[in-house]
Amino acid sequence: MEDSKFLSVCGKFTLDRYKERFLKCVVIDPHSGCWIWTKKGRAHGGYGMFSMYRKKFRAHRAALILIKKITPLPQYSVCHKCDNTRCVNPDHLFIGTHAENMHDCLNKGRAFRVRGEKSGRAVISDAQALELLRLPKETGLTRNRVAKLKAQEWGVSENTLKQILYGTNWKHLRA
Ligand SMILES: [Zn+2]
């Protein structure tokens, strides 16, 4: 399948429409620079929620997907360095493990960084995910084989890539 065709099937353009809708729910605090989530409805822990492709995302997680165009892998949490759970400013967010979310996320003043490099990368880009989804069809390799090859190349876990290939994650790319 051609790239452009594939991207539209995957909802690239719809993703931009979601971004517009997302930004309408945001008010910027001029003092802190926090993007305050104003939409009603809260998840456990006080986080805002945003729906895309019939799936609910925590609003700050959606911010990384829509604004930074990166999707944190499911085993990583998105934490706030500003400690404001209503904030969805992608520059105020960093990616940590769940364990860190319970402890270190409360520490203030840390620079943005992607954690977990020892255990592999915390994110792959949307472009990489699209490539991954395209490969079985293009090459005729099985999804498991593709997961294995790309896991080595990108330094991420094979299981993570399988989750993407079998559609339990990254649904926003294929809806
Ligand atoms: Zn903030």
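The table for this structure:
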quantity	calculated
Residues located in the range 49-77, provided they are polar (S, T, N, Q) and either crowded, with 21+ Cβ neighbours inside 10 Å or assigned to a strand (DSSP E or B) (or both)	S51, T71, S77
Some residue of the range 20-29 being within 16 Å of the ligand (Cβ to nearest atom), exposed (fewer than 15 other Cβ atoms within 10 Å of the Cβ), at pLDDT below 85 and among the acidic types (D, E)	no
Tally, over the range 49-105, of residues that are of a type in the set (F, W, Y), at pLDDT 80 or above and away from the ligand (no atom under 16 Å from the Cβ)	2
Residue pairs meeting the criteria (Cβ under 7 Å; at least 6 apart or on separate chains; first part of a helix (DSSP H, G or I), in the range 78-96; second β-branched (V, I, T))	P90/I67
Pair list, Cβ < 7 Å and 6+ apart or interchain, from the range 27-39 residues that are touching a residue at least 12 places away in the same chain (Cβ under 8 Å) and within 10 Å of A59 (Cβ to Cβ) to residues that are near the ligand (Cβ under 10 Å from one of its atoms) and assigned to a loop (DSSP other than H, G, I, E, B)	W35/V88; W35/N89; W37/R86; W37/V88
G46, sole failed condition from (1) within 13 Å of the chain's Cα centre (by Cα); (2) exposed (fewer than 15 other Cβ atoms within 10 Å of the Cβ)	(1)
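The values are calculated or read from the model by the stated rules, or taken from the named source; none is laboratory data. Note that the structure is a prediction, hence the values are computed from the model and not measured. Glycine also receives a Cβ, built like all others from the backbone with ideal geometry; neighbour counts cover every protein chain displayed.
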